[in-house]
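Rule-based calculations on the coordinates, nothing more; no lab input. What you see is a predicted model; the values in this text were computed from it and never measured. No Cβ is skipped: glycine too gets one built from the backbone with ideal geometry, and neighbour counts run over all protein chains shown.
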Amino acid sequence: MGKIAVYPGSFDPVTNGHCDVVHRGLTLFDKVIVAVAQNGTKDPLFTIDERLEMLSETFKKTPGVEVDSFDGLLVDYVTKRRADAILKGLRAVSDFEYEFQMALMNRKLNKNIQTVFLMTGLRWIFISSSIIKEAARFGGETRGMVPDFVAEKLRQKFSKA
């Protein structure tokens, strides 16, 4: 099967920064499972099914990428999927502080699961799902920062508001 990484996140919505991490992750791993976390602490704009649809459309022509969702502990999901590592993207020092704590906790929960950090490409370093949603909410253009399919979904979502 080769080396497998799980790339977890809310992906609400998926951005070109996320895509960058996935494509670069595929240079290190044979398969990347993009896993939407069903996180009860966030109030998502898109439903789980909408996010899965956007991710599936985004990566439909990318061999080695699987899209899935999970609930519960990430380390349990990674073990269930027989993955070798957790893949995380970092944009800034503030991301690192949080993700470092999460990696240490995951390591405490399961010492056999490694976390691999990749810096987001400089082109995407300023992009976050939150910033994209904020721009789209007020009619800002998001094309070029998210896949075109996602930009259209954002436009549709906020034209109903």
What is the angle, in °, between the Cα long axis of helix 16-25 and the longest principal axis of the Cα atoms in the chain? Nearest 10 is fine, range 0 to 90. 30
Residues meeting the amide H criterion for Val146 (H placed from the backbone, H to H distance under 5 Å, 5 or more places apart or on another chain) are Asn16
Please give every one of the aspartates and glutamates within straight-line cross-link reach of Lys160, meaning a C-alpha to C-alpha distance under 15 Å, and leave out same-chain neighbours fewer than 8 residues apart. Glu152
Do the alpha carbons of any pairs in Lys3/Lys42; Lys42/Lys153; Lys80/Lys111 sit beyond 22 Å of each other, and which pairs? Lys3/Lys42
Within straight-line cross-link reach of Lys61, aspartates and glutamates at Cα separation under 17 Å, skipping those fewer than 8 residues along the same chain: Asp20, Asp30, Glu53, Asp148
Of Lys88/Lys133; Lys31/Lys88; Lys31/Lys60, which sit over 18 Å apart, Cα to Cα? Lys88/Lys133
Using DSSP to define loop residues, name the trypsin sites (Lys or Arg not before Pro) in region 125-158 whose beta-carbon has at most 12 other beta-carbon atoms within 10 Å. none
Give the whole-number value, in cubic angstrom per residue, of the convex hull volume spanned by the C-alpha atoms of region 7-161. 111
Counting sequence-distant residues (5 or more places) and residues on other chains, those with an amide H built under 5 Å from that of Ser69 are Val36
